[in-house]
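Below you'll find the structure, written out as structure tokens, and then a few comments.
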Amino acid sequence: MGNSVATTKRKAPLWLLAFVISLPTFFAFLATSATNVALPHIAGAFGSTTDEAKWVVTSYMIANGVFLPLTGWLEKRLGRIGFLKIFITIFTIGSIVCTLAPSLLILILGRVIQGVGGGVLMPIAQSTLLQEFPEERRGDAMSIFVFSIMISSIMGPTVGGLLVDNLSWQWIFIINIPVGILSLILVPLVVNDTPKSNEKMSVDFWGVTFLILWLASMQVVLDKGQQYGWFDCTWIYWLSVFSLAMMCTFIVWELEIDEPIVKLRVFKNANFFIGTILGVIINGMVCATMILLPQFYQGLMGYTAHDTGLALSSRGLACIELLFIGRICSLYDMQYVIGVGFILIGTSIALCVNMNLQVNPTWIILSNVLFGLGSVTALVPVSGISLGTLPDDQIPSGAGIHSLTKCVTGSMATSLASSFIIRLGQVHQNYLVKNMSVYSYNFVNHFNHLKLGFMKYGSSVLATNKANGALYHQLVQQSTLCAISDLFLVCATLTFMMIPLVMLLHKNEPAPAEETTK
């Protein structure tokens, strides 16, 4: 074992520690969700296309993903305070570059810098809260962590829209600057440092290289796949093969070398392995429904962006549960709490399977409230039991890997949901168009009624064209509705299938540090 530098233990109140450690994490996550709203304005400001502007989001996600699994390795070498000071500074500098960017290229560079600094703040906040809170209050620690993530996700589009509409898109990045400065002042005063290892170890250069190549190529495939027809496009096909090869090479390399930069052996812990799978499913459902529901509300129901935001924000009512979910986790077996959470998530998604265009708004709010309650009920104990049973020195590495897996599957769920809506919509359209035949009495009758209605405003030819256009619009609308219902059914089924897996979790004491590093 290498030598470590002794550290002084501070006695800051837990509420103050939670605030200081969650503040930069909150704004780093807010910067991600708020930027999506500003993309049209950014594209217009620099005279670029929407596809070009999307690199503002893609570049952040690539840089974010690369550094997530490096959290444990970096904290060990920099100490917790040094780690936080360096990466909060990087995030703040990235925000300044984004604010002053004279071109789209410089803005993308600023987002890369932001991604490097902001990517590791989520796992370090999670691991710090788990390590600093007493074991009996780890449920409270995870409640605080989940609260900051949920609120930033819910507030992101709203805050981004308000800033863009009333000020300018630069304000999405300006608000991060004073928060970064305040955090740099408070962190050394409140947060307990961890020992810095003096052990001389070589940097796992090849591991980092394989990781960067894998995540960068995968993100490009996910972002551009639908636009270029997925595997029908030669370069998308070969880039996918390259990404898969880099992923396999990275995994094999990290498992074989003596000093890996990403300690994948942490998956030997059964709770961590199962908890990561469950966390991935929860995050995948969140991302998939955030694609499906706006398409249903705005594309089919005719809701405005404001109405859609209000409907989705009803999930935020579940944040009230965060006030006492920690107490629930301490009173009841976490297996049952997680199981109830998955039942609520699955039920909320199942309520959307048979929704039609005449659905009552109360039904919409009910499904969103149930989803929010289920997410909180499942996610807090899942995070606690998957990381809480790791040795303290393995928690930062575990938190980084845990966050990376959720980040990767979130990107995949978002991309695949968007793609499958289009593909399944085309399949249903092929089936439904068979009913639009002159041999169908219902179709002919409906067509004649539409034509007669349009003839009040124009000639027979114009009325015929308008009737055909109205029927085609209904065809596309119904086929899209069927596709969305199919995906809701898949998501609900997958969620319910996870419930037996929950029973494999077990509440046990953390293993000695040496056992997980062998």
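Every number in this text was worked out from the coordinates using simple rules, so none of it is lab data. Predicted, not measured: the structure shown is a model, and the values here were computed from it. Note that we place each Cβ from the backbone using ideal geometry, even for glycine, and neighbour counts take in every protein chain shown.
Where the convex hull is taken over the Cα atoms of the chain, what is its projected area averaged over directions, in nm²?
Value for the chain: 27.1 nm².
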Residue order, fewest to most surrounding Cβ atoms within 10 angstrom, among Tyr439, Tyr60: Tyr439, Tyr60
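Calculate the all-directions average of the projected area of segment 12-199's alpha-carbon convex hull, and give it in nm².
Details: hull surface 42.6 nm².
With every direction weighted equally, the projected area is 10.7 nm².
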Cα gyration tensor category, rounded, prolate or oblate, for segment 202-258 with a/c compared to 1.5: prolate
Summed residue charge, Cβ within 14 Å of Pro123's Cβ, Lys/Arg positive, Asp/Glu negative: +3
Segment 413-476 versus segment 207-223: alpha-carbon centroid distance in Å: 42 Å
Order by protection proxy (mean Cβ within 10 Å, highest first), peptides 107-113, 481-487: 107-113, 481-487
Segment 426-487 - Rg (one decimal) and Dmax (whole number), Cα, Å: 13.1, 42
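Rank by packing, highest mean first: peptides 358-366, 224-232, 125-133, with packing defined as the count of other Cβ atoms within 10 Å averaged across residues.
Details: 358-366: 12.7, 224-232: 14.7, 125-133: 24.8.
In descending order of packing, they fall as 125-133, 224-232, 358-366.
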Charge tally in the Cβ shell below 15 Å around Trp238, where Lys, Arg are +1 and Asp, Glu are -1, Trp238 excluded: 0
Distance violations [Cα-Cα > 27 Å] among Lys224/Lys466; Lys54/Lys434; Lys76/Lys268; Lys76/Lys406; Lys263/Lys406; Lys434/Lys466: Lys224/Lys466; Lys54/Lys434
